[in-house]
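Colleague: Structure provided below as structure tokens; questions to follow.
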Amino acid sequence: MRIVTCVKQVPDERNMATDPVTGSLMRDTAGSIPNPDDACALAMARATSESLNGQVQSLDAITMGPRQSRSSLRQALSYGFDNAYQLTDSRFAGSDVLTTSHALALAIEKTGGAELVFCGEKSADGDTGQVPAELSVLLGAAFLPFVTEIIDADRDAITVRSKMDDVEYVIESSLPAVIQVKAGAVKSAPASFRDRIEALKKPIAVLSAEDLSSEMLFGYRHSPTRVRKMIAPVRTRVPSVYSGDDALTQFRQILEESENTDDLSADSPRLRSYARQVRETDTCCDQVPDEPVAVYVEAHKKGFQNGLELLSRLQACGAKTIYAVTLVPGDHASSDESMERVLSETVGEELYLSLLRSVDALTIMEASRAAVTTEECAYRLSRYLEKRRVGLCLLSATDHGRTVGPLVAGTLKTGITADVTDLRYVSDQWEQVRPAYGGQVFATIVTPEHRPVMATVRPRIFAVDLHDDGRGVVAVERAQDMENRRTKILSMKTCERETTIEEAKRLLILGGAITTEEERDRLIAFAKRHELEWGVTRALVQGYLAPHGRQIGVSGLSVAPNLAILVGVSGSVQTMSGLRRAEKIVAINRDEGAPVFDNVDIAFIGQWQDYIESLS
Amino acid sequence: MSEVIKALEAIVGQEDVVLETSVRAQKAVDLYALRLYQKHVGWEATLPQAVVRPKDTDEVSKVLQLCNERGVPVIPYGGGSGVLAGAETRDERTVVIDLARINRLINVDEISLQVTCGAGMLIRDLEAIVQERGFKLGHYPQSMDLAQMGGLVATRSTGQFSTGYGAIEDFLVGLEAVLADGTVVRINNVPRRATGPDLRHLFLGSEGAFAVITEVTVKMFPIPETTWKHAYRVKTMRQGLEIIRLVMKTGIKPAVVRLHDWLECEKPYGAFMEENESLLLFWSEGRKEIAEAEGAIIDEIAKANGAVSAGEKPLDLWYVHRNDAADEYEKYGANGILVDTLEVAADWNVIADIYEKTVERVYYEVPEVVFFSGHSSHSYINGTNIYFQLGAFPPPDVDEAQRVYEAVWGIVVEVALEHGGSMGHHHGVGKHRVRWMEKEHGSSYALMESLKRVFDPNGIMNPGSLIEL
Ligand SMILES: Cc1cc2nc3c(=O)[nH]c(=O)nc-3n(C[C@H](O)[C@H](O)[C@H](O)COP(=O)(O)OP(=O)(O)OC[C@H]3O[C@@H](n4cnc5c(N)ncnc54)[C@H](O)[C@@H]3O)c2cc1C
């Protein structure tokens, strides 16, 4: 058996984001580091190889990238990997998902094939997580997304635990298989200094484009997607300032409002606001061509809600023929009508009807089993899109959509854009806007020559605003036999989401003005009463008033709440840089000139005690 | 309440004798790397009985007099950024003297280019004051945001621009200090004197074990007109060290001269280099003609000795990120990483051997180490320093951490001393390095002990620092 792990180098974000002199991104000089998610893939690959007890002949790592970037391969070698391959050639430059996957697939085959291929969840720079799925298609291998654990593996089969959209699956699969390791799934002990030094001495085999194929379908020229432009949005905060009684009322209002917003999405508010900003500079859509467009809708309530957002956008763009397609679990409906009824009951009649009214046709496909695999979804959706000659297909950027999308794109050999935050039709192309480099820039992507154009779209970006102008024809497609079924779901269960400080939507942050345990406890009690998570600045950690795990800032956590309330925070760069992604920042400080006020949306001048008391 | 506390309150006022646990805990430790790790696995600090905050020299004098009479141990506490436990409390009778309030700007002399301030002034604040008037201190330790002027003098510190501007002993012009019995002594500001041994040196590096420094006067410099900066790739550290030696031999003094090994470069500068190379960073500043002339000399020597240009950008990156470590420093321990820096110095003859041998021994002998790199950052005509950086994952246990820590330190100190180098280039001695002081100083060590007896006959001044108990 051979196990291969695909790894990547990414720009060092620390260098990228923080040039305070010019304020600009320093991507060119950023230096590169091994993609953090790949360390999990390496660790899981190594553990799997060990558990296969002598049956693995070689445990190898492959990367594609410029010649200097080798630290990810060195990392693999320091973990005891046998061979390291680097694909490096100017002709690989500018590769998108499809051409990258193509090169990696060829390289894996050329160097001896593999029964198991491990990949990280996603790369920190591209942030798409689509290569693993497309790679599996090109290798003709099974795909196991978001794997948290290898339960069992032998020569012919593997059983894994996988967690997608808060559902945990146990999946059995034949080999060969590509395993996308969920970020953080395994913690690996870092290599010892000795192993690192030894790794530096091991050889790295270099493969050029010619070594892989004479066709040379690599790089930007052969990539279905193109970058049309890049925009860096600016986010400056100009505070509204309040003091006196007025301020207390205002404070109460803000807190109450935030308690009442029920945010369904786990998505970053910053992205939504950036996306909005980019959209404001939007030009109108041009005339959309006649070809049909389709939305793949997941067959549950949230799936339909997300679907309505995508349909609204397509209507707003002036798409002429709009389809929706969904796949429902098999075996529970005897007639076409009852299938439709079960679906309508599952998602709720109101949602079902609004969707139906806004499309020209809804196709309900029946899966062959009650537990629907992403493999089957991709198979059915690919055939559907081909048959109906769909020009554009949108999916929600859920774990499910992000898996099915690239599997389909790989099958149809077309381009796909991940995590789209805006869509419009301009100068003969569907323009797909997506964040890149952790949301620091927005790239406009087009897919000029390949069809369908495919994209996964972030939930909660587009508002639902539908006209009932569809014909609402329902078509039912019964279960079909699937050639070559590779994966099977053995069990599934829904798991609880636990929120951490980093995920908290509402945060109270205590700053250096809080110097006693009593003051601290008073604020914590306040936070509890109002269901706020709480964090602190460095000063409190240093003063032993809070554990490091609650520290916000450069040397602590970076957070993205909808609302952050800063109490007695002076506003050092160290603290504020941990809050860059917050949607609304409110600060209470008695010092009018405190630097914190340069960086917030709402400034309350006064004693924090007054504000807290006004609410109790 | 104890009698000592009452007496202290009578001197500085009740408000400034702080008994609150959180404050005593904060002032019980500094940034000693071992503790930054151990405190997350069960180590607990010994708290001083009180933290006093005198507002002037007179109060310091009275506090010392009191403690000296009663045999109460005293620790002067500056910015708390020391990394060798110099300000760490180990005796619960200790009274910590917090110098933060003695931070007045006393005089800026724009003719003679010197500035005088209270010892508790943060160097960051003093730099801002002189910058406003068109000057700079030229002394830039990485702990710029944390350290006080008095603390820097007390530890014989040096800064990132030291190759050009010199170290603290080159800046310090005069001072005021209070001896154990409360006597106040002053050393006047003069350009130089040949009137016996230089008494400033009794205070430079005295680490609170001889006296409390209350006022300092240091030099300042005009803000430079221009900077010349350039980075070069070299195959090995040995080659890089030789190039620095040749540059220093010409007599020029570029403000910054650095040489980083591959492990250290990989992340920040990997994009500019080939694998396994080392990187030289040069920075000259001052009058345009001079900076450029220095640049030309450096360029010529570097290229003639096999270095390859890597442009200016690595220096921009270095400049932007040069103090990031200070922000991150406390974070590692919480994540289970033991991080420390160990700086040694030696002559050109042996420095490359010291670097190579140390790295090799750490690599063979301490399996818990996951990172160990080195750079040269302060050069002289006769030698340079190596600043090693350590990252290790000891088992999460107080004693285990200590074992790993001592193993690495043992190697670093041993290699430096067996080659005739010094075990400490600029962090001082603290309570950590004392055990090797006799080896370091050899036959002259007796003088160190004599000095301690003369300055501190009752043994109250920061016991256990500088000289082993
Ligand atoms: C991230 C980081 C980077 C660093 N970088 C550098 C660097 O580049 N160069 C460098 O030289 N050092 C560096 N250091 C070490 C440290 O900053 C210095 O040792 C500094 O001189 C200590 O100053 P302080 O005011 O913080 O002193 P403290 O830590 O408070 O005290 C240090 C010692 O001096 C004594 N002391 C303090 N003030 C007085 C006084 N007024 N009178 C008498 N004794 C006193 C204390 O009792 C103690 O023994 C670094 C430390 C850190 C954490």
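We did not get these values from a lab; they are worked out from the coordinates using the rules stated. These figures come from a predicted structure and were not determined experimentally. Methodologically, a virtual Cβ is constructed for each residue, glycine included, from the backbone with ideal geometry; neighbour enumeration extends over all protein chains shown.
Colleague: About the Cα centre, and with charges only on the beta carbon of Lys, Arg (+1) and Asp, Glu (-1), how big is the dipole of segment B:226-322? Nearest 20 debye, please.
Modeller: 240
Colleague: For Cα pairs less than 8 Å apart in space and 6+ apart in sequence, what is the mean separation divided by the residue count of chain A, i.e. the relative contact order in percent?
Modeller: 14
Colleague: Let me ask you something else. Please report how far the C-alpha centroid of segment A:163-205 lies from that of segment A:569-616, rounded to the nearest whole angstrom.
Modeller: Segment A:163-205 and segment A:569-616 have Cα centres separated by 42 Å.
Colleague: For chain B, max minus min Cα coordinate along each principal axis, in Å, sorted largest first?
Modeller: So the three principal-axis extents are 70, 57, 41 Å.
Colleague: On to the next question. Based on Cβ point charges of +1 for Lys and Arg and -1 for Asp and Glu, what charge dipole magnitude is obtained for chain A about its Cα centre, in debye rounded to the nearest 20?
Modeller: Roughly 1480 debye, rounded to the nearest 20.
Colleague: Moving on. Arrange A:ILE509, B:ILE123 by Cβ neighbour counts within 10 Å, fewest through most, would you?
Modeller: Listing A:ILE509, B:ILE123 from fewest to most nearby Cβ atoms yields B:ILE123, A:ILE509.
Colleague: Let me ask another. State to the nearest 20 debye the size of the charge dipole of the protein assembly as shown about its Cα centre, where the only charges are +1 on K and R beta carbons and -1 on D and E beta carbons.
Modeller: Using only the charged Cβ atoms, the result is roughly 1460 debye.
Colleague: Give me D for segment B:3-100 in µm² s⁻¹, whole number, from Stokes-Einstein with Rh from the Kirkwood sum over alpha-carbon pairs, 10 °C and 1.306 mPa s.
Modeller: So the translational diffusion coefficient is about 117 µm²/s.
Colleague: Measure nothing but the geometry: give the 0 to 90° angle between the long axis through the Cα atoms of B:123-132 and the longest principal axis through the Cα atoms of chain B, rounded to 10°.
Modeller: Taking the Cα atoms of chain B, the angle to B:123-132 is about 70 degrees.
Colleague: Can you pull the mean other chain C-beta count within 10 Å for peptide B:359-366?
Modeller: Averaged over the peptide's residues, the number is 2.
Colleague: Would you work out which of A:ALA177, A:VAL295, A:GLN86 lies farthest towards the positive end of the dipole of chain A, given +1 charges on the beta-carbon of Lys and Arg and -1 on that of Asp and Glu, about the Cα centre?
Modeller: Positive-end residue among those listed: A:GLN86.
Colleague: So what is Rg over Rh here for segment B:327-431, counting just Cα atoms and using Kirkwood for Rh?
Modeller: 0.98
Colleague: So for segment B:218-365, taking the charge dipole from beta-carbon charges (+1 Lys/Arg, -1 Asp/Glu), which of B:ASN335, B:LEU259, B:TRP348 sits furthest toward the positive end?
Modeller: Of B:ASN335, B:LEU259, B:TRP348, it is B:TRP348.
Colleague: If you don't mind, there's one more thing I want to ask. Would you list B:MET437, A:MET216 from fewest to most Cβ contacts within 10 Å?
Modeller: A:MET216, B:MET437
Colleague: Next question. Give me A:LEU508, B:LEU64, B:LEU417 sorted ascending by neighbouring Cβ count inside 10 Å, so fewest comes first.
Modeller: Exposure proxy ranking, most exposed first: B:LEU417, A:LEU508, B:LEU64.
Colleague: For segment B:3-100, with the dipole built from +1 on Lys and Arg beta-carbon atoms and -1 on Asp and Glu ones, taken about the Cα centre, which of B:SER61, B:LEU84, B:GLN49 lies farthest toward the positive end?
Modeller: After comparing all options, I get B:LEU84.
Colleague: Using Cα pairs under 8 angstrom and six or more residues apart, how large is the relative contact order of segment B:327-431, in percent?
Modeller: About 37 percent, as a whole number.
Colleague: For chain A, go through all pairs of different Cα atoms, get the mean of 1/r, take its inverse, and jot down that Kirkwood value in Å.
Modeller: For chain A, inverting the mean 1/r across all distinct Cα pairs yields 26.1 Å.
Colleague: Between A:ASP422 and residues 5 or more places away or on another chain, which pairs have amide H atoms under 5 Å apart, with H built 1.01 Å from N, and which residues are they?
Modeller: Here A:VAL433 satisfy the definition.
Colleague: Now, a different point. Once the Cα atoms of helix B:237-249 and of chain B are each reduced to a long axis, what angle between those two axes, in degrees from 0 to 90 to the nearest 10, is obtained?
Modeller: 80
Colleague: What does DSSP give for chain B in terms of the percent of beta bridges that are antiparallel, rounded to the nearest 5?
Modeller: Roughly 90 percent of the beta bridges in chain B run antiparallel, per DSSP.
Colleague: For segment A:269-487, taking Cα atoms only, what is the radius of gyration to one decimal and the Dmax to the nearest whole Å?
Modeller: 16.6, 51
Colleague: If amide hydrogens are placed 1.01 Å from N in the peptide plane, which non-local residues have theirs closer than 5 Å to the one on B:ASP198?
Modeller: none
Colleague: If only Cα atoms are counted, what is the Rg of the protein assembly as shown, and what is its Dmax, in Å?
Modeller: 32.8, 110
Colleague: Rank-order B:461-467, A:381-387, B:307-313 by packing density, defined as the average count of other C-beta atoms within 10 Å over each peptide's residues, highest first.
Modeller: For the peptides B:461-467, A:381-387, B:307-313, the packing ranking is B:461-467, A:381-387, B:307-313.
Colleague: Between segment A:111-139 and segment B:270-329, what is the separation of their alpha carbon centroids in Å?
Modeller: Each part reduced to its Cα centre gives a spacing of 39 Å.
Colleague: Could you work out the relative contact order of segment B:105-222? I mean the mean sequence separation of Cα pairs under 8 Å and 6+ apart, divided by the number of residues, in percent.
Modeller: Here the relative contact order equals 33 percent.
Colleague: Can you give me the Kirkwood hydrodynamic radius for segment B:226-322, using every pair of distinct Cα atoms, in Å to one decimal?
Modeller: 13.2
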